Structure formats: C-alpha cells, structure tokens
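I have placed the structure first, in the form of structure tokens, so that the comments after it can refer back to it.
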Amino acid sequence: MASKASSSISQALKRYIKKPWEVAGPCADPEYKNALPKATEYRIRCPATSLQKPIVPTSDPETIFDIKYYARDQRRNRPPIRRTVLKKADVEKMMKENTFDVNDFPKVYLTAKFEEDENAMLIWLTSPSSELNSPSIAQTIPAPSTPHRSTPEQL
C-alpha cells in the first residue's frame, strides 16, 4: 500500500518537475526572462479613468444626466399646428358669401384658333397679337405628300 502511494506521488512530481535537459525551448536557457508582465506592470491606469477631471457643459443639475433625446429636441418646442374641420354646411355658407370675378382665375394661354384646309395642314385665323392678325403674316403650311409606295412589279 505504501509503495503504491509513494509511486503515485513520485509520478505526480515527475509530471510537474522536470530536469533542465528535458525542458525544450527558450525557457530552458538560464538567462531566460519571462516576457509576461506582472499584474502591477500590465495596466497602470484603467482605461475608464480620465486623466483630467471632466468639465460638465451645463450647470443645470436636472439636465446633466438627462440622456433622453426628446427633452433636448428643439423641434418639439414649436406651437401645435392649427387644424380646421369644415362641415358641409360651413362650406356651403362660405361659397354663398364668396363672389368670383374673372380676374380671380388664371388667363387662358391658348387663344389662337386653327382651321384645317384641303391643301394646307393649318391656317392661322386669329391671334392675340396685332402683328400676327395682318394678312401678310398669316401662314399656311403645305400638307405633306403621301409617301411613295412601290408595287411588286416595280421591284
């Protein structure tokens, strides 16, 4: 029993403690220095700590930590949009009160009249301009000739 216990202890020690010639690699050299820094050398200053004391841009204590967007949104400070609901009776009353004039509506932009003729496509009859009403400027556009059609005998 004692031999079994001593052999198991010796095997466990052999697993962790090795002779220098059994260790391979750079750490077998007596001048080897461990490259891993100590815990005190690794991170002297925590990344979350600031080097200077932070300057808070506002002195209002209730708005310093207010991270809600809608509280800071200036577009929400506008007055509400006024809406008017019109009923049919109101519209009829307003239409009876209104009187419309010819000048209230836009002017007609097409006032020239055209008439087709046998030999011409268009004849200019009237125009709003006094220059175009003269007979010398009245224009006639000849009708296009019929396209030439070839018969099978001509080909």
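Would you call S6 more than 35 Å from the chain's Cα centre (by Cα) and modelled with pLDDT of 75 or more?
Here the answer is yes, as S6 does meet what is asked.
Run down L110, L155, L122 and say which single residue is at pLDDT below 80, surrounded by 10 or more Cβ atoms within 10 Å (Cβ to Cβ) and not polar (S, T, N, Q).
L122
Can you pull out the residues in the range 70-88 that are in a helix (DSSP H, G or I), within 22 Å of the chain's Cα centre (by Cα) and of a type outside the set (K, R)?
If the condition is that a residue be in a helix (DSSP H, G or I), within 22 Å of the chain's Cα centre (by Cα) and of a type outside the set (K, R), then Y70, Q74 are the ones that fit.
Report, by residue number, each residue of the range 46-94 that is aliphatic (A, V, I, L, M) and modelled with pLDDT under 85.
A48, L51, I55, V56, I64, I67, A71, I81
The values are calculated or read from the model by the stated rules, or taken from the named source; none is laboratory data. Since we're looking at a predicted model, the values are computed, not measured. Cβ coordinates were reconstructed from backbone atoms using ideal geometry, including for glycine residues, and neighbour counts include every protein chain displayed.
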